[in-house]
1. If you bin the C-alpha pair distances of the range A:68-401 every 10 Å from 0, what whole percents do you get?
2. Using only the Cα atoms of the range A:69-228, what semi-axes does the equivalent ellipsoid have when each is the square root of 5 times a gyration tensor eigenvalue? Give whole Å, largest first.
3. Other chains near A:402-412: what is the mean number of their Cβ atoms within 10 Å of each residue's Cβ?
4. Residues of B:64-74, mean number of Cβ from any other protein chain within 10 Å of their own Cβ, rounded to a whole number?
5. From the mean inverse distance of alpha carbon pairs (Kirkwood) and the Cα radius of gyration, derive Rg over Rh for the protein assembly as shown.
6. Starting from a label point 7 Å past Cα on the Cβ side, list the distances from B:ASP184 to the same position in the other copies, nm, shortest first.
7. Average partner chain C-beta neighbours within 10 Å, per residue of B:100-111?
8. Any idea what the alpha-carbon Rg over 2.2 N^0.38 Å comes to for the range A:404-506?
2 protein chains.
Amino acid sequence: MAAEAAELAEALRLQADTVRRLKQERAGTEEVAEQVAKLLELKARLGVDDGRPRFLLKTPKGTRDYGPKQMAIRERVFSTIISCFKRHGAEVIDTPVFELKETLTGKYGEDSKLIYDLKDQGGELLSLRYDLTVPFARYLAMNKITNIKRYHIAKVYRRDNPAMTRGRYREFYQCDFDIAGQFDPMIPDAECLKIVYEILSALQLGDFLVKVNDRRILDGMFAVCGVPDSKFRTICSSVDKLDKVMWEDVRSEIVGEKGLSTEAADCIGEYVRLHGELDLVEQLLQDPKLSQNKLAREGLADMKLLFEYLMLFGIADKISFDLSLARGLDYYTGVIYEAVLLQQQNDHVEEPATVGSVAGGGRYDGLVGMFDPKGKKVPCVGVSIGIERIFSLMEQKMEASEEKIRTTDTQVLVASAQKKLLEERLKLISELWDSGIKAEMLYKKNPKLLNQLQYCEDTGIPLVAIIGEQELKDGVVKLRDVATREEVDIRRENLVEEIKQRTCQP
Amino acid sequence: MAAEAAELAEALRLQADTVRRLKQERAGTEEVAEQVAKLLELKARLGVDDGRPRFLLKTPKGTRDYGPKQMAIRERVFSTIISCFKRHGAEVIDTPVFELKETLTGKYGEDSKLIYDLKDQGGELLSLRYDLTVPFARYLAMNKITNIKRYHIAKVYRRDNPAMTRGRYREFYQCDFDIAGQFDPMIPDAECLKIVYEILSALQLGDFLVKVNDRRILDGMFAVCGVPDSKFRTICSSVDKLDKVMWEDVRSEIVGEKGLSTEAADCIGEYVRLHGELDLVEQLLQDPKLSQNKLAREGLADMKLLFEYLMLFGIADKISFDLSLARGLDYYTGVIYEAVLLQQQNDHVEEPATVGSVAGGGRYDGLVGMFDPKGKKVPCVGVSIGIERIFSLMEQKMEASEEKIRTTDTQVLVASAQKKLLEERLKLISELWDSGIKAEMLYKKNPKLLNQLQYCEDTGIPLVAIIGEQELKDGVVKLRDVATREEVDIRRENLVEEIKQRTCQP
């Protein structure tokens, strides 16, 4: 018994150690985390090791900076888009870059895995917005708005595989125009397509085509092909890949991974190869299988109406009714569309016929109701312009054209011909600024005249206002035209007017 | 011994339970967190319970939506600020909303705890930008830019305690203007102050004051008061609170928490009560203690130069040299400034004399070097306009003035006087859009004329283009002035020109 007791005592001692260790561990977990954070901060504070900073000098994967030249292009594109949105009477709103995590949950189907979550630092669980549509629906429900036409231009975030040369980023702009409200069918829908047409025409990106389809036609098609209801959305996701992969690959995905019968798959395969215009709508309204389905009939009737309105708008020639168009997002309920740029004739032959989607959208009548406490629906239809791909194309175009892009609006450089005139330059430039003239000067006490003129050449400033001892005595300023090198003395009191006249830019 | 063994065995059993429990607890911590997340997601996915959604219908704490009215005000303020930045010859850049976590680490001192981190979802560790200055410095170092004048308007993120009625948010805009490059002293610094002056004057927010100081003067002051070098930054953070709390509170913080001697604290207390203009600079240049310190002498000499330039710019009357100004951020190295709005005479007496900072900035000559692999420095000076507080004030002003703010630019509503004219309205509005006219129509097949006119009253649309059977027959459109109710028939081919003439807006 003594041996047994000793053994037990020993076991007890060992176990007590374990308890102590586990308790310490538990306390330690938090402490260690804190310590690690502190050490990391210390490491970063110290900054250098062997004279080199430890951190990587880069932007996060899938993101980019916009330098002044890129910004000049970006602002040109935005101004085209915004003026179109305003021409159509849109108001503008903005929402926060992040939403409560639960606001985004369950809205994007299989794409939800690409949502960026914020770290739980205490308080609410947040995620970066994935598009502007769900925040818009949340905004409508929260403010009980049943009727609005608005645009929203802002960055959205997707943890996708970036392909930056083709304009695919993890942080990218969306330019959204949406019409919310209970209206007569297809009138707002047609306006959205008119907007896509106007913007793509104005941006002069070459020929384009807008594919349209309807979720009700797709669902009707799935139904008549024998797809079970529960698989509509997941099969829809597969069909959505048809713009990137061949039918054979989609077929093997829906048969293999998603467990559809080969008969159902082949039935879908027959439909998704169809595209046309009003004639195809008419044909499908007569289709022995599809015409039996109520949803499909509704979708086809609306598609017919849509084409009538598009003809009145004079844009039907660029619209293609395409049964292979599916769109990935869960929330669409009616018409859907996607604009693609068509390849130029003289491009590489091996390339596919389209360079990808530059705009897309559709009708989502159920999304606002998902946020409303009483489930009250607000029908919505909208379009999103995928601006990054357009930027990429514009940048390439600019570089190819060798057009020199000015990145400032400066009208005049305030310069001096002699030394010791800093004070006089400061006085003159201050006068010009106060009169609304866009003016710069070199931040040097005694800059050389040649350097001042060179700065104008480099940056495209059209005029130089030069002061020297003589000009100050005479109450004039020598105004030089940088392009022609002509110089005229202008009385100081007339300088502002003269500069305004010579630079008619706003 | 048997009793002892039994006791030990019992103790062992109890302890074994404790071990098991602690081990389970350890494993459980992570599991519970996962379970909670899953349940929350499931809850949100299920969406409704008793017909109500389970999720909260709100924006994240400290954030807000901007509706069309707020956006109209926001765009007015931005346009004032941007035109000032452009008047001073600035280019524009943009950077991603998040940076690598390590890019931000060690740049903000005690404020670092307010940085939003993203969840580790695999890949890089990211944080939301805390300001636009550190991303700017990263951009300069990464692109080896040694010379640029740029502005950047974008949202930044701080996990601070929001006070939204006073314009303090967790997501808020900063409007930054910075000049980077090696230049003659205080010329760019003076321009930054001129910009603050121009913007605050243009926004007509009432009287304001710009406090200036210099980190070198502060550090010199700390040195001559006997503060050890290692405590400069933390004491600086305490002094920074002087705009919100009394000196007594700051004093007890630096003596109590931060362990400074009462003599050192009182010495600081003597200095920080000083404020004035050029005369104070002269006085401190003669100060028996401060003039012994090299850093302080440098700072004071530059402050003298700054005031000379500010006088040439005609803005010295709004600038106050204030030794209590410290600025919280770690990266400042020279002149610092902060603009405050002064209380109107007729406001509440109990309120403090200032409504808080609306702009701030300073010189940060070391920040770019922290990113450069060789530590190469690029001197920088800049200013940030704190736009949210200005928005709050503008919104209050607008509401008080009862000025009706239009939220669209629509020039004309296309209306019909009879039924069955939808197609004709669509044709006409399409013609107007194609000619660049901003036009709307009601999305109804057969809207009542009264409803169409009411829509114009509500939204401020100045003109209505009315078509009926007779007008179509005669090839005219009835153009109605909403304000005067006058109606004139205009030949259809002259309509665009007539609308343009009547609505001279751009």
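1. So the P(r) values, bin by bin, are 5, 25, 34, 27, 8, 1.
2. Working from the Cα gyration tensor, I get semi-axes of 26, 24, 20 Å.
3. Mean inter-chain Cβ contacts per residue within 10 Å come to 3.
4. 5
5. 1.02
6. So the label point of B:ASP184 gives 7.2 nm to the other copies.
7. 4
8. That works out to 0.97 for the range A:404-506.
The values are calculated or read from the model by the stated rules, or taken from the named source; none is laboratory data. Just so you know, these numbers come straight off a predicted model, no measurement behind them. Note that each Cβ is placed from the backbone with ideal geometry, even for glycine, and that neighbours are counted across all protein chains shown. Ligands, DNA and RNA are stripped out before the accessible areas are found, and what is left, the full protein with its side chains, is counted by its heavy atoms. Shrake-Rupley method; radii C 1.70, N 1.55, O 1.52, S 1.80 Å.
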